[in-house]
Amino acid sequence: MESIPKEMKALVLTAPGKFEVQTVPVHAPGPFEVLCRIGAVAICGSDPEIVRGGLPGYWPPAYPFIPGHEWAGQVVALGESSEHFLKIGDRVAGEAWKGCGHCASCIAGHYNRCLNYGKLETGIRHYGFQFRGAYAQYNIYSVKAVHRMQDQVSFREGSLVDTAGVGMHGMELTGITAGGTAVIIGPGPIGILAMRIAKLLGAARTIVVGRPPRLDLAGKLGADILVDIQKQDAVEGVRAANGGMGVDEVFECSGAEGTLNQAIRMVREGGRIGLLGVPHEKVMEKIPFKYICRNEIAVFGSKANPNVSDKVLALIASGQLVVKDLISHVFPLEEFGKALDTFVNRKDGAMKVVIEPNGRDGGGLFLS
């Protein structure tokens, strides 16, 4: 068996907007936990805000802190009783959430809405947000927060399970009309994967709303119709593309101001709207209250990706859900600053930027 080092390299936030790669201890897993070697970790849209220090005292709760939550890797050590669920050598995709397991929300299966959020002593973990995360060579995770990957799914693909899961969870809440038309507002990584998942779940057509160059990429990656908001009104463009009628579902994936109002006016009577994008807390949307009531329009908020990772992994493994073509850049951990700049400023057509803390292919398989 390969020995586990006592120290590792990790990206450490030292203060708001400041970070460096440091040598830190490798922690041992506790009961119902596993130690994982991180094979790949993708930069999420929330990471720049955490690095910048937009929510200090909350995300992260204190400094120093190791962020990162969209990851895949391999189990290399087992904590007490974890052998009942996983074994050394298992390739896994991670999930950011692990609820306390005891509150009313967790018991109902809604661990993403755990009522003990922020109280680590209760057992809740929000990896990369309030508990150390995956921008490191190793990290410990609850057995509830990892999902076995099929052999044909790479670590890089596994790091996008979280992103795809946001779309899957939102659509399970909202529903998809078989043979219907679904609109995606915002052709970023979540939007493009949501577009693909909508088709897998039965939508006959997808209309993507946004602006180039990402809108053009959405067309290349499977969108049926594109509505360029630089050239036409979003609502008029969508309805014109649907024969003047409202569509069945709209999935807002940008979090931009004004898009919820647009989504309401895009759907048909009895239509449904899923809110997948995360707006800035200062965004206060004005909506046509009476129009919603008279047309029986349903609006669903959606939070994270609970209970969907295994479904997403099965779809990736089967080849039905392609995610690897969204990975535009890959960097080693030591070049995190360059990777973050590439992601934030969308350099060279950046879509999904992945970090490999242990090198290509996770630094080799851990064999027992």
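Only one entry in ILE273, ILE264 is more than 20 Å from the chain's Cα centre (by Cα) and not assigned by TED's automatic domain parsing to the domain that holds GLY349, namely ILE264. Among residues that are outside the structural domain of GLY101 (by TED's automatic domain parsing) and in contact with a His (Cβ under 7 Å, 6 or more places away or on another chain), SER309 is included. In the range 98-107 there is at least one residue matching the filter, namely being at pLDDT 95 or above and either in contact with a Lys or Arg (Cβ under 7 Å, 6 or more places away or on another chain) or under 24 Å from LYS352 (Cα atoms) (or both).
Being surrounded by 15 or more Cβ atoms within 10 Å (Cβ to Cβ), in a strand (DSSP E or B) and not basic (Lys, Arg) is a description that applies to LEU35. Can GLU157 be described as part of a helix (DSSP H, G or I) and free of Cβ contacts under 8 Å to residues at least 40 places away in the same chain? Considered against the rule, which asks whether it is part of a helix (DSSP H, G or I) and free of Cβ contacts under 8 Å to residues at least 40 places away in the same chain, GLU157 comes out as no.
Residues of the range 72-116 that are buried (at least 18 other Cβ atoms within 10 Å of the Cβ), assigned to a loop (DSSP other than H, G, I, E, B) and without any contact (Cβ under 8 Å) to a residue 24 or more places away in the chain: CYS103, CYS114. Taken together, the residues in the range 15-31 that are assigned to a loop (DSSP other than H, G, I, E, B) and surrounded by fewer than 20 Cβ atoms within 10 Å (Cβ to Cβ) amount to 7. The residues of the range 195-205 that are free of Cβ contacts under 8 Å to residues at least 60 places away in the same chain and surrounded by fewer than 23 Cβ atoms within 10 Å (Cβ to Cβ), listed by number, are LYS199, LEU201, GLY202, ALA204, ARG205.
Taken over the range 130-154, the criterion of being surrounded by fewer than 24 Cβ atoms within 10 Å (Cβ to Cβ), part of a strand (DSSP E or B), under 18 Å from the mean Cα position of the chain (by Cα) and not basic (Lys, Arg) is satisfied by PHE131, HIS147. Candidates in the range 178-192 are the residues that are within 17 Å of the chain's Cα centre (by Cα) and over 16 Å from ASN242 (Cβ atoms); of these, the one that is surrounded by the fewest Cβ atoms within 10 Å (Cβ to Cβ) is GLY188.
The values are calculated or read from the model by the stated rules, or taken from the named source; none is laboratory data. From a predicted model like this one, the values you see are computed outputs, not experimental measurements. Heads up, the Cβs are rebuilt from the backbone with ideal geometry, glycines too, and the neighbour counts pull from every protein chain shown.
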